[in-house]
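The next block holds one structure in the form of structure tokens; read it before the comments.
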Amino acid sequence: MQVEALDALRDSAGTVDVVIGIPTYNNARTIGSVMDALRDGFTKFLPDTRTVVVNADAGSADGTPEQLMAADWDMVGVRARHASAARERSALPYHGIPGRAAAQRLILEAALALGARACCFFPADSGSLTPDWAVRLLRPVLEEGADYVSARYDRRRYEGTLTTGLIYPLVRALYGLRIHQPLTPALALSGRFVARLCAEQVWETDPTRHGIDLGVIALASLERFTPCEVWLGRLVVEAEGRPSDLATIFSEAIGSTFGVLDHTADGWIHVRGSEPVPVMGEGATAEAGAADVNVNGMIRAFTLGRKDLLPLWEQALAPETLVEVLALEPVPGEAIPFPHELWARVVYDFALAARFQTLYRPHLLRSLVPLYLGRTAAYVLETSRGPARDADGWIEACCRAFEQQKPRLAERWR
Amino acid sequence: MPEVDPLWFKDAVFYELSVRAFLDGNGDGIGDLAGLTSKLDYLVELGVDCLWLLPMYPSPLRDDGYDIADFRGILSAYGTLEEFQVFLDAAHARGLRVVTDLVVNHTSDQHPWFQAGRRTPDSPFRSYYVWSETNQRYSGARIIFTDTEKSNWSWDPEASAFYWHRFFSHQPDLNYDNPAVRAAMHDIMRFWLDRGVDGFRCDAVPYLYEREGTSCENLPETHAYLRELRRLIDREYPGRILLAEANQWPEDARAYFGEGDEFHLAFHFPLMPRLYLAVRSEDRLPITDIFTHTPVIPEACQWSLFLRNHDELTLEMVTDEERALMYYSFASDPEMKLNLGIRRRLAPLMDNDRRRIELLNSLLLTLPGTPVIYYGDEIGMGDNVHLGDRNGVRTPMQWNGDRNAGFSTADPARLYLPPITDPVYGYQAVNVEAQRQAPASLLHAIRRLIAARKTSRAFGRGRVEFLRPANQRVLAYLRRYGAEVMLIVNNLAASAQPVELDLRPFAGARLVEMLGGTRFPSVREAPYFLSLGPYGFYWFKVEPARAATEPFGIEGTVI
């Protein structure tokens with residue numbers, strides 16, 4: 001969508017309360033149910049809200065935008081195409097939306113141009129989106145003064161291990177906010193936060209290629225925007241076409257996470273500890289069991305990595321960290337003694353290696369995967385026989401280790 | 001002490017060398033044990049695992065040491081028993097094993113046994129050899145050295161009798177019907193095994209016994225005695241090996257493995273000329289055909305493969321037509337021929353074509369068997385057919401461009417043989433020092449191939465399965481060992497070749513080129529298309545789809 005078009009829309013639409021942003025790419029299989037749920041939710045829970053739906057599409061070939069606009073819902077819709085790299089359209093990124101940051105920017109600018117009080121994002125590929133999602137996300141903004149509402153999802157145990165084992169502890173330690181799902185496709189922002197984000201100059205940089213999730217958290221933390229979390233229930237996405245190999249998912253997600261560190265170092269370097277964030281709603285207890293997790297495969301990958309990747313680890317890890325990593329000796333059927341504190345140092349060392357470019361970045365990121373798998377295997381083996389709170393306790397202990405080790409990162413970052 | 005893998009010889013790369021030719025440590029013009037010891041690090045760097053030493057025993061050297069005059073000593077020009085021990089310990093310290101040549105069939109006519117026996121009819125040593133009043137016995141035995149010998153019998157005027165010899169007349173055959181000879185050979189083996197040698201390459205093993213009305217080759221009595229030797233090894237020196245030189249057709253050579261109770265290894269003589277024939281005729285048939293006719297061998301045994309060795313490239317195991325083609329192709333100068341073979345080294349045989357040399361090494365290192373590299377071939381040394389007998393392929397190792405190729409500081413006139421000096425293969429152009437410094441040199445290419453071979457036991461222990469693509473110029477085969485699968489594709493032609501391979505059993509698998517680590521497209525149901533440059537080859541590791549991207553059960557929900 002062009003700016004002129006937004007201006008024209010603003011003149012005709014009058015005052016807008018909410019902009020609903022829906023980035024899409026070949027989501028014809030799910031977009032219908034998503035729109036139905038949103039329609040039902042707004043009709044039932046937010047009937048007086050003046051809403052504009054902005055669809056930013058990356059060039060779907062399956063008629064997704066047409067289906068979206070044909071939804072049986074009396075609303076104003078804006079159909080736009082955002083820019084995306086051809087490579088992302090041919091090999092989808094882990095989140096499924098080529099040019100996701102451009103889509104987010106387009107939607108935010110539309111919200112800004114329309115003077116919306118709130119802007120929310122919904123995943124177009126979710127089969128679990130229910131009518132109450134919209135009100136859960138928007139009520140804290142529209143009624144309670146929140147600037148940034150992040151979703152929390154009900155997850156089975158050992159789902160989201162990259163988030164719980166690395167991204168959440170890292171982001172929490174860096175920015176001091178306990179946002180449990182930093183890379184969420186569903187979120188809501190206040191109009192003033194939207195204006196601030198649109199003024200940011202990081203949109204075109206590579207780390208934000210996969211989205212501005214971490215940029216939002218960094219800004220919320222460093223400039224004291226009011227955060228909040230809401231429970232939404234299960235998140236189930238249609239993953240067809242997305243990368244299925246862990247190394248690709250990992251390097252894309254962690255690559256952008258490390259990248260954001262550079263842009264926000266002036267702020268996070270002074271943050272110590274972390275604060276809880278208000279949480280709305282209740283989450284379900286994680287189900288027990290680890291039946292679907294291939295722990296032996298993880299241990300094999302860790303062992304193989306230790307054998308094959310030593311030359312890379314030597315360059316990425318501090319000597320004392322490397323010594324401790326090499327001393328990790330998996331015993332079949334038993335837990336790997338991979339301490340939280342060591343894991344935190346490993347992640348920080350890799351973040352530093354990424355900053356100082358000690359290795360070709362893709363190689364660096366992929367070489368972290370076996371360590372992550374070893375650590376995840378340790379997590380599963382230590383907590384699988386206990387109740388869900390054991391797993392939660394493990395994650396909390398991990399987060400505290402990241403916070404404790406952070407001065408080491410800050411010191412070496414300079 | 002770590003436990004020795006009794007099948008170590010299957011994974012190993014052997015390196016054949018002559019002490020005389022490797023390095024002269026004392027400046028007398030003859031290579032010696034001190035010189036060899038000082039070059040062990042080079043061999044480690046090359047990546048070989050086991051050294052095969054040509055005979056280093058006291059000898060009149062009329063057959064390059066295969067005429068042994070004392071089985072329990074070291075030729076004085078090479079050093080002493082103490083120096084041999086130093087060498088052996090130094091090799092072991094570097095993880096190298098050492099196999100020595102042992103000539104079981106005959107001795108030199110200078111051996112004290114023969115000298116005592118010929119002089120005194122009553123001497124116990126008389127019956128250590130095969131004597132006769134007539135030269136008509138065993139007429140069914142062929143003459144091996146047709147260029148020099150007219151009969152397998154020679155008259156000894158001192159003994160006033162004929163003595164039996166299958167090789168040169170100065171190499172009388174031992175009489176294995178005599179229990180004392182059999183016992184003496186046991187003791188000789190113990191002598192060296194006690195010092196730590198890792199086994200023996202046993203020379204000329206088919207000829208130990210003579211029986212009227214037979215070819216005097218491969219006799220049951222011979223096999224029975226060889227089993228005795230094996231029992232000695234297994235009982236007293238487990239982990240040591242016996243390697244048979246039996247220049248026979250595969251079905252005859254097969255017998256030397258027994259039921260896994262004779263030799264651990266035996267050379268696959270018929271394969272070697274067919275490697276050359278296949279490249280010459282740009283057709284895989286000679287190779288696939290000989291494997292079709294190669295019998296299955298016991299699990300604990302292994303063929304030993306080679307491209308060249310210290311002898312002539314023997315053509316005994318080819319048809320007359322194939323021999324004619326080989327002579328036409330590889331021995332344009334009559335001087336290049338010797339007996340039923342061609343006395344040239346690998347590089348000149350390949351016209352110094354680097355691509356063909358590498359291709360043949362690719363075959364050597366990937367076909368089923370334990371490869372043996374002949375010293376100097378790793379740098380593409382040349383030969384000198386004018387030196388007589390097989391001396392042209394036994395010239396000094398070319399270490400650098402200094403005097404005598406860096407082999408010796410002696411006056412050039414004192415060298416045991418002159419180094420190669422021609423413009424193409426001369427030591428100024430072809431030497432270790434220069435090739436070490438050139439990353440793209442043949443030496444480094446061979447090192448890389450050896451290193452790649454070592455990444456998988458499939459090469460040493462796996463079974464082979466030939467593919468049958470329509471293009472006959474391409475030789476493709478699988479090597480499988482357990483879950484490991486390697487795919488080797490060789491273009492035998494001088495021109496680029498396309499090939500479509502039926503890899504359907506591996507649909508979904510990924511091919512990883514082993515020498516560069518490049519991932520090739522995944523295998524699908526459709527024929528797998530490859531194009532190969534002239535004499536090009538690929539070594540692929542076939543990575544099952546599951547193994548390449550083993551699911552961890554968290555991928556779909558990891559974020």
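The values are calculated or read from the model by the stated rules, or taken from the named source; none is laboratory data. This is a predicted model, so every value here is computed, not measured. As a convention, Cβ positions derive from the backbone with ideal geometry for all residues, glycine included, and neighbour counts pool all protein chains shown.
Would you confirm, using the coordinates I've provided, whether B:P172 is closer than 22 Å to B:V104 by Cα, loosely packed, with under 13 Cβ neighbours inside 10 Å and either not β-branched (V, I, T) or not assigned by TED's automatic domain parsing to the domain that holds B:L313 (or both)?
Details: closer than 22 Å to B:V104 by Cα: yes; loosely packed, with under 13 Cβ neighbours inside 10 Å: no; either not β-branched (V, I, T) or not assigned by TED's automatic domain parsing to the domain that holds B:L313 (or both): yes.
When the stated conditions are applied, B:P172 does not pass them.
Return only the number of the condition from (1) of a type in the set (A, V, I, L, M); (2) more than 14 Å from chain B (Cβ to nearest Cβ); (3) in a loop (DSSP other than H, G, I, E, B) that A:L138 does not satisfy.
(3)
Okay, residues lined up against (1) over 26 Å from A:S150 (Cα atoms); (2) buried (at least 16 other Cβ atoms within 10 Å of the Cβ); (3) within 14 Å of chain B (Cβ to nearest Cβ):
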{"residue": "A:A239", "(1), (2), (3)": "no, no, yes"}
{"residue": "A:V293", "(1), (2), (3)": "yes, yes, yes"}
{"residue": "A:I299", "(1), (2), (3)": "yes, yes, yes"}
{"residue": "A:L304", "(1), (2), (3)": "yes, no, yes"}
{"residue": "A:L310", "(1), (2), (3)": "yes, no, no"}
{"residue": "A:V323", "(1), (2), (3)": "yes, no, no"}
{"residue": "A:E329", "(1), (2), (3)": "yes, no, no"}
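Restricting to the stretch A:241-251, name every residue that is more than 9 Å from chain B (Cβ to nearest Cβ) and over 17 Å from A:P370 (Cβ atoms). Give the derivation first.
Residues of the stretch A:241-251 more than 9 Å from chain B (Cβ to nearest Cβ): A:241, A:248, A:251.
Correct list: A:G241 only.
Name the residue that is surrounded by the fewest Cβ atoms within 10 Å (Cβ to Cβ), counting only residues in the stretch A:274-291 that are modelled with pLDDT of 85 or more and either aromatic (F, W, Y) or out of contact with any Lys or Arg (no Cβ under 9 Å at 6 or more places or on another chain) (or both).
Among residues in the stretch A:274-291 that are modelled with pLDDT of 85 or more and either aromatic (F, W, Y) or out of contact with any Lys or Arg (no Cβ under 9 Å at 6 or more places or on another chain) (or both), the one surrounded by the fewest Cβ atoms within 10 Å (Cβ to Cβ) is A:E282.
Please specify each residue of the stretch B:509-525 satisfying the condition of being away from chain A (no Cβ under 13 Å), among the small types (G, A, S) and either surrounded by 15 or more Cβ atoms within 10 Å (Cβ to Cβ) or in contact with a Lys or Arg (Cβ under 8 Å, 6 or more places away or on another chain) (or both).
B:A509
Being under 16 Å from B:I420 (Cα atoms) and in a helix (DSSP H, G or I), is that true of even one residue in the stretch B:339-347? Write out each step before concluding.
Keep residues of the stretch B:339-347 that are under 16 Å from B:I420 (Cα atoms), which gives B:343-347.
From the residues that got through so far, the ones that are in a helix (DSSP H, G or I) too are B:346-347.
Within the stretch B:339-347 (the criterion being under 16 Å from B:I420 (Cα atoms) and in a helix (DSSP H, G or I)), the answer is yes, since at least one residue qualifies.
Just to be sure I understand, how many residues within the stretch B:459-477 are without any contact (Cβ under 8 Å) to a residue 60 or more places away in the chain and hydrophobic (A, V, I, L, M, F, W, C)?
Of all residues in the stretch B:459-477, those without any contact (Cβ under 8 Å) to a residue 60 or more places away in the chain come to B:465, B:467-471, B:476.
Then drop every residue that is not hydrophobic (A, V, I, L, M, F, W, C), which leaves B:467, B:470, B:476.
Residues meeting the conditions: 3.
Within the bounds of the stretch B:413-426, is there any residue that is of a type in the set (F, W, Y), more than 18 Å from B:D64 (Cα to Cα) and more than 23 Å from the chain's Cα centre (by Cα)? Lay out the reasoning, then the answer.
Narrowing the stretch B:413-426 to residues of a type in the set (F, W, Y): B:416, B:425.
Filter once more, keeping what is more than 18 Å from B:D64 (Cα to Cα): B:425.
Narrowing the set further to residues that are more than 23 Å from the chain's Cα centre (by Cα) leaves none.
No, the stretch B:413-426 contains no residue that is of a type in the set (F, W, Y), more than 18 Å from B:D64 (Cα to Cα) and more than 23 Å from the chain's Cα centre (by Cα).
Consider the stretch B:386-410. How many of its residues are assigned to a loop (DSSP other than H, G, I, E, B) and within 27 Å of B:L313 (Cβ to Cβ)?
Filtering the stretch B:386-410 for residues assigned to a loop (DSSP other than H, G, I, E, B) gives B:388-390, B:394-402, B:407-410.
When the remaining residues are screened for being within 27 Å of B:L313 (Cβ to Cβ), the result is B:388-390, B:394-399, B:407.
Residues that pass the stated criteria total 10.
Within the stretch B:205-228, track down each residue that is in contact (Cβ under 8 Å) with a residue 60 or more places away in the chain and surrounded by 21 or more Cβ atoms within 10 Å (Cβ to Cβ). Full working, then the answer.
Looking only at the stretch B:205-228, we keep the residues that are in contact (Cβ under 8 Å) with a residue 60 or more places away in the chain, and these are B:205, B:207-208, B:210-217.
B:V205, B:Y207, B:L208, B:E210, B:C216, B:E217 - these are the residues of the stretch B:205-228 that are in contact (Cβ under 8 Å) with a residue 60 or more places away in the chain and surrounded by 21 or more Cβ atoms within 10 Å (Cβ to Cβ).
Which of (1) in contact (Cβ under 8 Å) with a residue 60 or more places away in the chain; (2) in a loop (DSSP other than H, G, I, E, B); (3) buried (at least 23 other Cβ atoms within 10 Å of the Cβ) does A:Q181 not meet, given it meets every other one?
So A:Q181 meets the others, but not (1).
Across the stretch B:218-265, what is the number of residues that are in a helix (DSSP H, G or I) and in contact with a Ser or Thr (Cβ under 6 Å, 6 or more places away or on another chain)? Steps first, please.
Just the residues of the stretch B:218-265 that are in a helix (DSSP H, G or I), to begin with: B:220-236, B:250-257.
Subsequent filtering for residues that are in contact with a Ser or Thr (Cβ under 6 Å, 6 or more places away or on another chain) retains B:250.
Residues in the stretch B:218-265 being in a helix (DSSP H, G or I) and in contact with a Ser or Thr (Cβ under 6 Å, 6 or more places away or on another chain): 1 in total.
Filter the stretch A:141-181 down to the residues that are among the aromatic types (F, W, Y) and within 13 Å of chain B (Cβ to nearest Cβ) and list them by number.
Filtering the stretch A:141-181 for residues among the aromatic types (F, W, Y) gives A:148, A:153, A:158, A:168, A:175.
Result: A:Y153, A:Y158, A:Y168.
Among the residues of the stretch A:341-375, write down those that are within 14 Å of chain B (Cβ to nearest Cβ) and in contact with a Phe, Trp or Tyr (Cβ under 8 Å, 6 or more places away or on another chain).
A:R366, A:L368, A:V369, A:P370, A:L371, A:Y372, A:L373, A:G374, A:R375
Any idea which residue in the stretch B:100-131 is surrounded by the fewest Cβ atoms within 10 Å (Cβ to Cβ), counting only those that are assigned to a loop (DSSP other than H, G, I, E, B) and under 33 Å from the mean Cα position of the chain (by Cα)?
Within the stretch B:100-131, the subset assigned to a loop (DSSP other than H, G, I, E, B) is B:104-105, B:107-111, B:120-125, B:130.
Within this subset, residues satisfying the condition of being under 33 Å from the mean Cα position of the chain (by Cα) are B:104-105, B:107-111, B:130.
Numbers: B:V104: 24, B:N105: 23, B:T107: 26, B:S108: 27, B:D109: 22, B:Q110: 16, B:H111: 26, B:V130: 24.
The qualifying residue surrounded by the fewest Cβ atoms within 10 Å (Cβ to Cβ) is B:Q110.
Of the residues that sit in the stretch A:180-221 and are acidic (D, E) and at pLDDT below 85, which one is farthest from A:A124 (Cα to Cα)?
A:E200
Each row is one residue, and each column tells you yes or no for (1) of a type in the set (K, R); (2) at pLDDT 95 or above; (3) within 16 Å of the chain's Cα centre (by Cα).
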| site | (1), (2), (3) |
| --- | --- |
| B:E282 | no, yes, no |
| B:Y327 | no, no, no |
| B:K337 | yes, no, no |
| B:R344 | yes, no, yes |
| B:E378 | no, yes, yes |
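Consider B:F162 carefully, then state whether it is among the aromatic types (F, W, Y), within 22 Å of B:R126 (Cα to Cα), over 28 Å from the mean Cα position of the chain (by Cα) and surrounded by 20 or more Cβ atoms within 10 Å (Cβ to Cβ). Can you show your working first?
Working: among the aromatic types (F, W, Y): yes; within 22 Å of B:R126 (Cα to Cα): yes; over 28 Å from the mean Cα position of the chain (by Cα): yes; surrounded by 20 or more Cβ atoms within 10 Å (Cβ to Cβ): yes.
Taking the combined requirement at face value, the residue satisfies it.
Test B:E378 against the stated conditions and say whether it is closer than 21 Å to B:F14 by Cα, surrounded by fewer than 22 Cβ atoms within 10 Å (Cβ to Cβ) and either touching a strand residue (DSSP E or B) at 6+ places or on another chain (Cβ under 9 Å) or of a type in the set (F, W, Y) (or both). Give the derivation first.
Values: closer than 21 Å to B:F14 by Cα: yes; surrounded by fewer than 22 Cβ atoms within 10 Å (Cβ to Cβ): no; either touching a strand residue (DSSP E or B) at 6+ places or on another chain (Cβ under 9 Å) or of a type in the set (F, W, Y) (or both): yes.
It is false that B:E378 is closer than 21 Å to B:F14 by Cα, surrounded by fewer than 22 Cβ atoms within 10 Å (Cβ to Cβ) and either touching a strand residue (DSSP E or B) at 6+ places or on another chain (Cβ under 9 Å) or of a type in the set (F, W, Y) (or both).
Do you know which of the residues in the stretch A:315-345 that are small (G, A, S) and under 17 Å from A:R408 (Cα atoms) is farthest from the chain's Cα centre (by Cα)?
Taking the stretch A:315-345 and keeping what is small (G, A, S), we get A:316, A:318, A:327, A:333, A:335, A:344.
Now drop any that are not under 17 Å from A:R408 (Cα atoms), which leaves A:316, A:318, A:344.
Numbers: A:A316: 25, A:A318: 28, A:A344: 19 Å.
Selected residue: A:A318.
Would you say B:V489 is on the phi < 0 side of the Ramachandran plot, within 14 Å of chain A (Cβ to nearest Cβ) and surrounded by 20 or more Cβ atoms within 10 Å (Cβ to Cβ)?
Values: on the phi < 0 side of the Ramachandran plot: yes; within 14 Å of chain A (Cβ to nearest Cβ): no; surrounded by 20 or more Cβ atoms within 10 Å (Cβ to Cβ): yes.
For B:V489, the condition - on the phi < 0 side of the Ramachandran plot, within 14 Å of chain A (Cβ to nearest Cβ) and surrounded by 20 or more Cβ atoms within 10 Å (Cβ to Cβ) - is not met.
Go through B:Y535, B:Y481, B:Y528 for me and flag whichever is surrounded by fewer than 21 Cβ atoms within 10 Å (Cβ to Cβ) and away from every other protein chain (no Cβ under 14 Å).
Numbers: B:Y535 fails: surrounded by fewer than 21 Cβ atoms within 10 Å (Cβ to Cβ); B:Y528 fails: surrounded by fewer than 21 Cβ atoms within 10 Å (Cβ to Cβ).
Checking each option against the conditions leaves just B:Y481.
Going through B:S495, B:S441 one at a time, which residue ends up being without any contact (Cβ under 8 Å) to a residue 60 or more places away in the chain and of a type in the set (S, T, Y)? Give the steps one after another, and end with the answer.
Working: B:S441 fails: without any contact (Cβ under 8 Å) to a residue 60 or more places away in the chain.
Going through B:S495, B:S441 in turn, just one is without any contact (Cβ under 8 Å) to a residue 60 or more places away in the chain and of a type in the set (S, T, Y): B:S495.
How many residues are modelled with pLDDT of 80 or more and surrounded by fewer than 17 Cβ atoms within 10 Å (Cβ to Cβ) if we restrict to the stretch B:538-550?
The qualifying residues number 1.
Scan the stretch B:227-272 for residues that are closer than 24 Å to B:L340 by Cα and among the charged types (D, E, K, R) and jot them down.
B:E245, B:E251, B:D252, B:R254
I'm checking my understanding of the structure. Among residues of the stretch A:72-104 that are out of contact with any helix residue (DSSP H, G or I) (no Cβ under 7 Å at 6 or more places or on another chain) and crowded, with 22+ Cβ neighbours inside 10 Å, which one is nearest to the other protein chains (Cβ to nearest Cβ)?
Applying the filter and picking the extreme gives A:G96.
Return only the number of the condition from (1) farther than 19 Å from A:Q405 by Cβ; (2) surrounded by fewer than 18 Cβ atoms within 10 Å (Cβ to Cβ) that A:E341 does not satisfy.
With (1) farther than 19 Å from A:Q405 by Cβ; (2) surrounded by fewer than 18 Cβ atoms within 10 Å (Cβ to Cβ) applied to A:E341, the lone miss is (1).
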